[in-house]
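Right, one structure below, let's go through it.
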Ligand code: SPD
């Protein structure tokens with residue numbers, strides 16, 4: 001009888017161990033029941049929050065940001081309440097350099113083995129020491145077929161004043177310095193990572209010249225503005241447009257012929273979370289859950305972004321896997337460029353952006 005009671009106690013302790021995580025040095029045990037996830041808007045199937053809570057008893061509170069630069073400035077301003085954040089590739093490299101990210105404990109992330117080989121050693125975080133890839137996509141032009149006979153497949157629709165003026169008041173640009181200056185640089189025939197001050201100045205002047213035609217700079221509702229016909233063209237992210245297309249089939253997306261930015265967003269833990277082993281472990285539990293094949297598949301089916309998770313493919317709808325706007329062809333890949341950390345040239349981009357926005 002006593003042995004049976006002892007066994008039950010051992011089982012109970014084993015079951016609670018993942019959730020009741022002891023602080024060190026004899027501190028009181030801390031139970032994590034809430035996690036703060038700082039994500040891009042509309043970038044997860046909300047059902048996943050409920051499923052996770054049912055399975056692990058941890059409620060995930062989501063807060064959203066609109067650009068990598070917003071995310072960075074929040075962290076730099078001392079925000080310590082976030083457990084998991086979702087920066088893009090070049091921003092991961094910048095955050096590592098600035099010491100803003102914790103290192104991941106791979107023992108807590110067994111689902112990392114689900115990642116496709118190409119995503120296991122990205123240049124911005126070799127060996128996935130700090131982050132794991134979440135979703136990837138491209139930045140192109142969303143449009144409404146009601147106003148076009150052919151897809152607007154050139155950046156000149158947004159940046160050539162002769163063309164752009166025909167859409168005056170009816171198009172949006174992302175509220176995102178890297179994306180907008182990058183797209184203008186591509187339009188001018190340069191790399192979106194160009195560091196030549198004269199080229200950055202040229203791109204700035206192009207944007208200032210067309211600014212009177214821009215309805216709004218927006219990164220969170222451009223797909224809704226397209227659907228409500230407030231705008232007819234939108235500089236935007238692939239999945240957001242395709243997700244909207246499900247309910248409004250006149251909305252479509254094109255990767256401009258001059259080329260475009262390709263990006264990968266990543267799940268990372270801010271360095272401040274290292275102060276609480278319990279929170280860190282819970283954050284890794286959440287990241288590992290998002291990498292579970294069925295969860296990652298379900299998520300891609302909802303957000304319409306490509307998954308870096310190879311094991312998830314069996315759960316992803318065929319329509320998405322075969323979609324050339326989501327998984328671009330080898331031919332299209334040749335026109336795509338990853339954003340890179342800009343080093344000292346970042347200050348030139350920041351200054352150009354301030355001038356663009358204040359003009
Ligand atoms: N609605 C989710 C949008 C995610 C966009 N992240 C891409 C950033 C690339 N610079």
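Values as computed for the structure displayed
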read-out: Theoretical gain in end-to-end length, residue 113 to residue 230 [0.36 nm per residue, Cα-Cα removed]; value: 37.7 nm
read-out: Once the Cα gyration tensor of the stretch 248-359 is diagonalised, semi-axes √(5λ) in Å; value: 29, 27, 13
read-out: Order of 59, 235 - criterion: other Cβ atoms within 10 Å of each residue's Cβ, fewest first; value: 59, 235
read-out: Whole-number Å³ per residue for the convex hull built on Cα positions in the stretch 101-186; value: 161 Å³
read-out: Protection proxy ranking of 153-166, 133-146, 89-102 - average other beta-carbon atoms within 10 Å, highest first; value: 133-146, 89-102, 153-166
read-out: Spherically averaged projected area in nm², based on the convex hull that wraps the Cα atoms of the stretch 77-117; value: 4.0 nm²
read-out: For the stretch 135-164 versus the stretch 238-313, the gap between their alpha-carbon centres in whole angstrom; value: 24 Å
read-out: Average projected area [Cα convex hull, the stretch 166-277], square nanometres; value: 9.8 nm²
read-out: Cα extents of the chain along the three principal axes, largest first (Å); value: 87, 43, 34
read-out: Extension gain from residue 61 to residue 76, taking 0.36 nm per residue of separation minus the Cα-Cα distance; value: 3.3 nm
read-out: Rounded tilt (10° steps) of 2-16 against the dominant C-alpha axis of the chain; value: 10 degrees
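Quick note: the coordinates plus some simple rules give every number you see, no bench work behind them. Not measured: the values here are computed from a predicted model. Counting neighbours? That spans all protein chains shown, and the Cβs are built from the backbone with ideal geometry, glycine included.
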